[in-house]
1. At 7 Å along the Cα-to-beta-carbon direction for both VAL145 and ALA8, put a label point, then send me their distance in nm to one decimal.
2. Looking at the stretch 18-98, which trypsin sites (Lys or Arg not before Pro) are DSSP coil and have at most 12 other C-beta atoms within 10 Å of their C-beta?
3. For an R0 of 30 angstrom, estimate the FRET efficiency from the Cβ-Cβ distance between GLU80 and ALA110 and round to the nearest 0.05.
4. How much of the accessible area of the stretch 23-170, in percent, comes from carbon and sulfur atoms when a 1.4 Å probe is used?
5. Evaluate the charge dipole of the stretch 10-59 about its Cα centre and quote only its size in Debye, nearest 20, assuming +1 on the Cβ of each Lys and Arg and -1 on the Cβ of each Asp and Glu.
6. How large is the charge dipole for the chain, taken about the Cα centre, if only the Cβ atoms of Lys, Arg (+1) and Asp, Glu (-1) carry charge, to the nearest 20 debye?
7. Per DSSP helix of 4 or more residues, -39500 (n - 2.57); summed, then divided by the residues of the chain. What does that give at 222 nm, rounded to the nearest 500?
8. Relative contact order (percent) for the chain, with alpha-carbon contacts under 8 angstrom and 6 or more residues of separation?
Amino acid sequence: MLGQSFNARVDGFEPGLRLLVETLGGGGGPVAADAAVALCRDRPIPVVSAALSEGAVSRAVRAGAGIVGDSLSTVDRMVELLEAYSGAGGTGPRVLIRRVWIGAHPGGQAAEQLAEYRAAAPPGRRSNWGDEDQSIVGSTADDVVDQLSAVLGRVGQVGPVALNLRVHAT
């Protein structure tokens, strides 16, 4: 896909994702005779695709992939995408990413990094991030666990998810 226009990359993404799911998720595809790929027939490897829009969710469902969000989208936005995935018949893994700070949040440094992300992201993506940093911050691990439990209680209403934590301690 290198060297292709953006539209060509978008058009080629779904067939490539389908091939990846077929290969890793079932040991098929054009390299099915490969010994490592053949092992996937008995031990399939789940495949997830970044899904930050309804279109990306639909592509993942059609390809048979699971979905993974980002750490910047609000919990409500992630619930919308998880509901869309389930509603469209998606059955693969669903991964929620959250950034966690145990101790003092670095404030200025984190705000600078978030500002860089906001500047580089398309306007529609930024609107899904809300006005706040979506990090979970607690002075103790117990504080963080309580907040994560609340997030998982909200997200878990849509069905089970895997949680990818990016833990920082100060």
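The values are calculated or read from the model by the stated rules, or taken from the named source; none is laboratory data. Keep in mind that what you see is a predicted model, and the values were worked out from it rather than measured. Note that each Cβ is placed from the backbone with ideal geometry, even for glycine, and that neighbours are counted across all protein chains shown. Calculation scope for accessible area: heavy atoms of the full protein, side chains included, ligands and nucleic acids excluded. Shrake-Rupley method; radii C 1.70, N 1.55, O 1.52, S 1.80 Å.
1. Each label point is offset 7 Å from its Cα along the Cβ direction, giving 5.3 nm.
2. Passing both the DSSP loop test and the Cβ count: ARG41.
3. 0.75
4. So the carbon and sulfur contribution to the accessible surface is 55 percent.
5. Numbers: 4 positive and 6 negative charges, 29 e Å.
For this selection, approximately 140 debye.
6. Roughly 420 debye, rounded to the nearest 20.
7. Calculated at 222 nm, the ellipticity per residue is -15000 deg cm²/dmol.
8. In percent, rounded to a whole number, it is 21.
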